[in-house]
Amino acid sequence: MKFKFTDKKIKGTDELHEYAEKKIGKLDRFFKNESQASVTFSTERGRYIAEVTINNDGTYFRVTGATHDIFASVDSAVAAIERQIRKNKTRLGKKIRTGSLDKAKTPVIAQDMAEDEDESAEFKIVRTKMFPVKPMTPEEAVLQMNLLDHEFFVFKNQNSKDNFSIVYKRKQGDYGLIETK
């Protein structure tokens, strides 16, 4: 597993980074291919926060652990991400074809836009993301959206000739699907 550490508002020691590598590295047994782990350490209002994101061939697992001890935050995040991985593996095993974790070939750009108060002003794009889009079922897309804790998710719908589709979380708590023609 490859690691990338980011320290925000905190001085991350080598001991902390080694501890995180040791704990998070144990999760590598769940994946066939080499994964990438991005770990961000920060502090806010007297609490230490460890945010762990694991990318395994386009499937992302993200959790945040926050306690009064930075090492306990790492332990909390690792326990939560392990639960998330186990839950995901079970669901994928039931509903998804065997090649579902293969890397996608087509990158797509997702944009976060800031809303301006003045309607006559131009829209200002403040962030651009590129990510691979792979064919999957709407159920797998909802699962991936929930793992990322996002409100929507763009994917190629394998049930409708690989057209692009979007799943989104509705205010009532259920999900919606937008399909393209």
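Laboratory data are not the source of any read-out in this text; all were calculated from the coordinates shown. Predicted model only: the values in this text are computed from it and were never measured. Note: ideal-geometry Cβ built from the backbone for every residue, glycine included; neighbour counts use all protein chains shown.
Structural remarks
- Proximity of backbone amide H atoms, modeled 1.01 Å from N, is registered between residue 43 and 49 at under 5 Å, excluding neighbours fewer than 5 places apart on the same chain.
- Formal net charge of residues neighbouring residue 163 (Cβ-Cβ distance under 12 Å; K, R +1; D, E -1): +1
- Mean Cβ neighbour count within 10 Å, used as a protection proxy, ranking 124-137, 58-71 highest first: 58-71, 124-137
- Relative contact order (%) - criterion: Cα under 8 Å, at least six apart; region: the stretch 16-92: 24
- Put simply, when 168-179, 44-55 are sorted by average Cβ atoms within 10 angstrom per residue, most first, you get 44-55, 168-179.
- In order through the stretch 52-62: 3J(HN,Hα) via Karplus (6.51 cos²θ - 1.76 cosθ + 1.60), integer Hz, x for Gly, Pro: 10, 10, 10, 10, 10, 6, x, 9, 10, 10, 9
- Net charge contributed by nearby residues that have their C-beta within less than 12 Å of residue 179 (K/R +1, D/E -1): +2
- Net charge of the neighbourhood of residue 53, taken over other residues with C-beta under 10 Å away and scored Lys/Arg +1, Asp/Glu -1, is +1.
- Sorting the segments 74-81, 16-23 by their residues' average number of neighbouring beta-carbon atoms within 10 angstrom, most packed first, yields 74-81, 16-23.
- Stretch gain in nm, segment residue 60-residue 180, where the contour uses 0.36 nm per residue and the Cα spacing is subtracted: 40.7 nm
- Placing a pseudo-label 7 Å from each Cα along the Cα-to-Cβ vector at residue 148 and residue 21 gives an inter-label distance of 2.9 nm.
- Separation of the residue 28 and residue 68 label points, Cα + 7 Å toward Cβ, nm: 3.5
- Too-long pairs where the Cα-Cα distance tops 26 Å, listed order kept, from 23/156; 11/124; 87/134; 129/156: 23/156; 11/124
- Two-site label geometry, residue 87 and residue 9: point separation in nm, points 7 Å out along Cα→Cβ: 2.7
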